[in-house]
Amino acid sequence: MEHQADEVDSRPLPESFAPDGHAVVDALDAYYRESVGGRQPVIHQERLARNIEQLDLATLVREGGLAGPRLETFVRDYLAATTRLHHPAFLAHQVAAPHPTGSLASLIDGFTNNAMAIYEMGPGAASIEFFVINWMLEKIGWQPAPVEGDATAPAVPRDGRAAHAADDPPIGGGVLTHGGSLANLTALLAARRQIAPDSWRTGTPNDLVLFAPAVSHYSIARAAGILGLGQDAVWPLEVDDRGATIAERLPAVLGAARAAGKRPLAVVANSCNTPVGAYDPLLPIGEFCRRHGIWLHVDGAHGASALVSPTHRHLLDGIELADSLTWDAHKMLRAPTLCAALLVRDHRTIDAAFQQEASYLFHEKEQPGVDFAQRTVECTKAGLGLKVFMVLAALGERGLAAYIDHEYALSQQAYEYLVGQSDVKCAARPEGNILCFRVAGSDTKQLRIRDALNEEGSFYLSSTVFREQRYLRMVVINPETSLADIERCVERVREIAGGIRD
């Protein structure tokens, strides 16, 4: 062993990457300041071929040498081709302007490359993910998993599955995944395992249906296709004029399903929905599901972060009655993409969702921690918890709650401003931070306004169809955005609209 150590010690050290690292960080810092100050367009879309040419991709692949001045030039050109999420005029999508400290987590995780789906491949990353999952479970009101070594907690077997007595409250669990779509799919896999225990081996029974509002995120219908249910098995729930589920109509859809010889796999509720950000009434929906023994999955990808805010937690009243929750940290928790949580009230449901044979991973071994691989579609998994934790550690819970409160309050102020404009129509009063409006004219006109904004790079809005009308869609998610920015955006929309013949 001493001879081997001597050989290692005598090896020359690799050249330091610090100069290139400093150059990249300096470029990002300048980019951040430039973006926050609004000194460049929020969006700048060159043609694909032009970007490939400008970045000189073919030459770099052929010759190599991406270091020093060449790296600095590449990073400068790359940043010029990005959409600036830190820009106050970024109002388009449900993606965070990531906190700088959280972005450092991406650098740390990318360099260490600890693919921590099994504990031995990333003990630190797995420990942080375990902690973050428990933090989220506590915010929901579910029982967090005990930490091995805590004398006051139940013992945790070596496979990571917490033990508890039959009459104790279930112990929660979860996993961080690369996006809310995977989290939604995983939740429905767990629900399928509960109602059809042999489905992993024999396939999905053809009498299962899924109840979900028509305004649900498209990943719900996609998951139905992946699960073998088929999209026709997604039965739409009746919604009100905000797109929120009408809980009183649930008995009717359940009765219709049973009359057709169908069994409900799950009810999906939105916290909040994608088009206008309305929250479903979770308390009556949860009580209905408990009475009838139906799995309740809450897609809280965007709006579950209200759980952090004492002011807005009431929007998820009844969440404790759910069986599973999707919660994206790369939206309102300001973590870099991608980082989503799938959380379950009873850890055993997710532990049984998958079955796998891989002797190179799963075997008897000394296990000082827990493996997450059995809970997720991914085999190789990044250390996602670090992205969430470093934001939490930078802002603290109070700081994060203040950010959420500010974005929600600003959305209300923007709504009050918009409804005071005679030439503007809003889709609904926002409950969170999604606000949809349109000016007079056709649906095509709304899209042409958006295209014009994108082309000039002045403001970046998205668009959606709600109640059969096309709206411009504003997501108030950047902490740098002010009411004055929104007012300027609306004025620019009005100016562009005036020049469009409908």
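Residue 277 - would you say it is small (Gly, Ala, Ser) and under 27 Å from residue 412 (Cβ atoms)?
The answer is yes for residue 277.
For the range 265-281, give me each residue that is in contact with a strand residue (DSSP E or B) (Cβ under 6 Å, 6 or more places away or on another chain) and not hydroxyl-bearing (Ser, Thr, Tyr).
265, 266, 267, 268, 269, 270, 272, 275, 276, 277, 280
Out of 342, 361, 386, report the one residue that is in contact (Cβ under 8 Å) with a residue 12 or more places away in the chain and over 18 Å from residue 133 (Cα atoms).
361
Starting from residues that are charged (D, E, K, R) and under 20 Å from the mean Cα position of the chain (by Cα), keep the ones in the range 363-422 and report whichever is surrounded by the fewest Cβ atoms within 10 Å (Cβ to Cβ).
Restricting to residues being charged (D, E, K, R) and under 20 Å from the mean Cα position of the chain (by Cα), the top hit is 397.
Being among the hydrophobic types (A, V, I, L, M, F, W, C) and surrounded by 24 or more Cβ atoms within 10 Å (Cβ to Cβ) is the filter here; which residues of the range 271-288 pass it?
Across the range 271-288, the qualifying residues are 272, 276, 278, 282, 285.
Could you list, in sequence order, all residues of the range 347-362 that are crowded, with 20+ Cβ neighbours inside 10 Å and aliphatic (A, V, I, L, M)?
350, 353
Being at pLDDT 95 or above, over 21 Å from residue 20 (Cβ atoms), touching a Phe, Trp or Tyr at 6+ places or on another chain (Cβ under 9 Å) and outside any helix (DSSP H, G or I) narrows it down to one of 92, 117, 96, so name that one.
Of 92, 117, 96, the one residue that is at pLDDT 95 or above, over 21 Å from residue 20 (Cβ atoms), touching a Phe, Trp or Tyr at 6+ places or on another chain (Cβ under 9 Å) and outside any helix (DSSP H, G or I) is 92.
Which condition number does residue 289 fail, the rest of (1) assigned to a helix (DSSP H, G or I); (2) closer than 18 Å to residue 411 by Cα being met?
In the conditions (1) assigned to a helix (DSSP H, G or I); (2) closer than 18 Å to residue 411 by Cα, residue 289 misses (2) alone.
Evaluate the following for residue 165: is it modelled with pLDDT under 95 and either farther than 19 Å from residue 385 by Cβ or among the hydroxyl-bearing types (Ser, Thr, Tyr) (or both)?
yes
Looking at 448, 473, 488, can you tell me which residue is among the basic types (Lys, Arg) and farther than 25 Å from residue 32 by Cα?
One residue alone meets the criteria, 448.
What is the residue count in the range 315-330 for residues that are in a helix (DSSP H, G or I) and either of a type outside the set (A, V, I, L, M, F, W, C) or closer than 11 Å to residue 343 by Cα (or both)?
The qualifying residues number 2.
Taking the range 427-455 as the search range and keeping residues that are touching an Asp or Glu at 6+ places or on another chain (Cβ under 9 Å) and β-branched (Val, Ile, Thr), which one is surrounded by the most Cβ atoms within 10 Å (Cβ to Cβ)?
Among them, the one singled out is 439.
Identify, please: which residue in the range 456-502 is without any contact (Cβ under 8 Å) to a residue 60 or more places away in the chain and acidic (Asp, Glu) and is, among those, surrounded by the fewest Cβ atoms within 10 Å (Cβ to Cβ)?
Top of the filtered list is 468.
Mind checking which residues of the range 227-259 are of a type in the set (Val, Ile, Thr) and under 15 Å from residue 297 (Cβ atoms)?
Those that are of a type in the set (Val, Ile, Thr) and under 15 Å from residue 297 (Cβ atoms): 234, 245.
Residues to consider are 335, 341; find the one that is assigned to a loop (DSSP other than H, G, I, E, B), surrounded by 18 or more Cβ atoms within 10 Å (Cβ to Cβ) and aliphatic (A, V, I, L, M).
From the options 335, 341, the qualifying one is 335.
Quick one: residue 301 ticks every box in (1) under 25 Å from residue 397 (Cβ atoms); (2) touching a residue at least 40 places away in the same chain (Cβ under 8 Å); (3) surrounded by fewer than 21 Cβ atoms within 10 Å (Cβ to Cβ) bar one, so which box is it?
(3)
With respect to residue 106, determine if the residue is over 19 Å from the mean Cα position of the chain (by Cα) and under 30 Å from residue 362 (Cα atoms).
Answer is no for this residue.
For the range 31-81, give me every one of the helices (runs of 4 or more DSSP H) that falls completely inside it and has 1 or more residues that are in contact with an Asp or Glu (Cβ under 7 Å, 6 or more places away or on another chain) and of a type outside the set (Gly, Ala, Ser).
Because the criterion is at least 1 residues that are in contact with an Asp or Glu (Cβ under 7 Å, 6 or more places away or on another chain) and of a type outside the set (Gly, Ala, Ser), the helices (runs of 4 or more DSSP H) in the range 31-81 that meet it are 48-54, 68-80.
Exactly one of these conditions fails for residue 126: (1) within 29 Å of residue 475 (Cα to Cα); (2) in contact (Cβ under 8 Å) with a residue 40 or more places away in the chain. Give me its number.
The one condition residue 126 does not meet is (1).
Of 268, 239, which residue is within 28 Å of the chain's Cα centre (by Cα), more than 14 Å from residue 315 (Cα to Cα) and buried (at least 24 other Cβ atoms within 10 Å of the Cβ)?
268
Somewhere in the range 309-322, is a residue in contact (Cβ under 8 Å) with a residue 24 or more places away in the chain, of a type in the set (S, T, N, Q), closer than 29 Å to residue 92 by Cβ and in contact with a strand residue (DSSP E or B) (Cβ under 7 Å, 6 or more places away or on another chain)?
Scanning the range 309-322 turns up no residue that is in contact (Cβ under 8 Å) with a residue 24 or more places away in the chain, of a type in the set (S, T, N, Q), closer than 29 Å to residue 92 by Cβ and in contact with a strand residue (DSSP E or B) (Cβ under 7 Å, 6 or more places away or on another chain).
In this structure, does residue 264 turn out to be touching a Gly at 6+ places or on another chain (Cβ under 8 Å) and assigned by TED's automatic domain parsing to the domain that holds residue 140?
Considered against the rule, which asks whether it is touching a Gly at 6+ places or on another chain (Cβ under 8 Å) and assigned by TED's automatic domain parsing to the domain that holds residue 140, residue 264 comes out as no.
Among the residues in the range 251-263, are any of a type in the set (D, E, K, R), in a strand (DSSP E or B) and crowded, with 24+ Cβ neighbours inside 10 Å?
Scanning the range 251-263 turns up no residue that is of a type in the set (D, E, K, R), in a strand (DSSP E or B) and crowded, with 24+ Cβ neighbours inside 10 Å.
The values are calculated or read from the model by the stated rules, or taken from the named source; none is laboratory data. Nothing here was measured: the structure is a model prediction, and the numbers come from that model. As a convention, Cβ positions derive from the backbone with ideal geometry for all residues, glycine included, and neighbour counts pool all protein chains shown.
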